[in-house]
1. Give me the number: length gained by fully extending F59 to A239, i.e. 0.36 nm times residue separation minus the C-alpha to C-alpha distance, one decimal in nm.
2. Top to bottom by accessible area (1.4 Å), largest first, where do I278, I215 land?
3. Label point 7 Å out from I278 along Cα-to-Cβ: which residues of segment 78-103 have amide N under 14 Å?
4. Cβ neighbours within 10 Å, averaged per peptide: list 53-62, 129-138 in order, most packed at the top.
5. Ranked from the most accessible area to the least, with a 1.4 Å probe and all protein chains present, what is the order of D213, D255?
6. Quick one: if the Förster radius is 35 Å, what FRET efficiency do S92 and E71 give, using the C-beta to C-beta distance and rounding to 0.05?
Amino acid sequence: MKRFFSKPLFLTVMAFMLVLSSSLVITACVSNPYTGKSTMAFVDNDTLFASSFTQYKEFLNENSVITGTAEAAMVTRVGNRIRMAAEKWAASEGQGSYLDKYQWEYTLVRSNEVNAWCMPGGKIVVYTGILPVTKDEAGLAVVLGHEVAHALLNHGQQRVSASVLQELGASGISIFTGNQSQESQALAMTIYGAGSTVFGTLPFSRSHESEADRIGLYLLAIAGYNPEMSVSFWERMSALGGGGTPEFLSTHPADTTRITNLRNWIPEARDKATKIGIIP
């Protein structure tokens, strides 16, 4: 007779992994001056930044980097304004040394992709394909504020830490179902994989995007840009379409969610900038 996977055993495994994960999170956290929250840090930034800088150089060597143009100069200029806003913010919190190991670099790369991205430690790429959507310096500041925020919030470090937890969970499932049939083991891993993605990885990613939207909006205002430009930019992004994936199955919040959130956060961004001595 086939031995099917035991539901009580599965629940026991998941409970065990939850307790173990919670213990690891408690013992491997760092505080962030931009949010005041403690975040997972299973890999130190010295290691992560060094790897990031190497990968960034490799990417630039393999792609078409644009220099000496007005657009490339704008990317650098806006990036530096956002960086200085981050420095003012950290200094206002008495955490000026927090940014000492960051090596900021903003590069314009030729690509039709409507995108920009950031690597741990402050290495940022803007694709030419997003410039028609940003339209001007203020629109570009929305994008770079968001990307700089990812770096400041150590989202790369948190993603690596989350991957460690997910792999640990998979190992735990494998150990605790070792005496079950192959079918039961496979079913357990399938359930774990789907569950950890839908209820773990994807919400985790969406929360990072929302957090970068919010902190990026504050940086935008501290840099002296009008935070209302963030809504205009996302309205243009939304008009491009391509957001057919349900939000709960996506790594990013829906455009409508982002726009609503940004509208709600604009007063907060203005207040933050004012406290630091900037009138956005």
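The values are calculated or read from the model by the stated rules, or taken from the named source; none is laboratory data. If you're wondering where the values come from, they're calculated on a predicted model, not measured in any experiment. As a convention, Cβ positions derive from the backbone with ideal geometry for all residues, glycine included, and neighbour counts pool all protein chains shown. We work out accessible area using only protein heavy atoms, side chains counted, and drop any ligands, DNA or RNA first. Shrake-Rupley method; radii C 1.70, N 1.55, O 1.52, S 1.80 Å.
1. Numbers: separation 180, 0.36 × 180 = 64.80 nm, distance 3.00 nm.
Gain in length upon complete extension: 61.8 nm.
2. Per-residue accessible area, sorted high to low, gives I278, I215.
3. 78-93
4. Order by mean packing, descending: 129-138, 53-62.
5. Values: D213 10, D255 45 Å².
Accessible-area ranking of D213, D255, largest first: D255, D213.
6. Working: r = 32 Å, r/R0 = 0.91.
Result of the calculation: an efficiency of 0.65.
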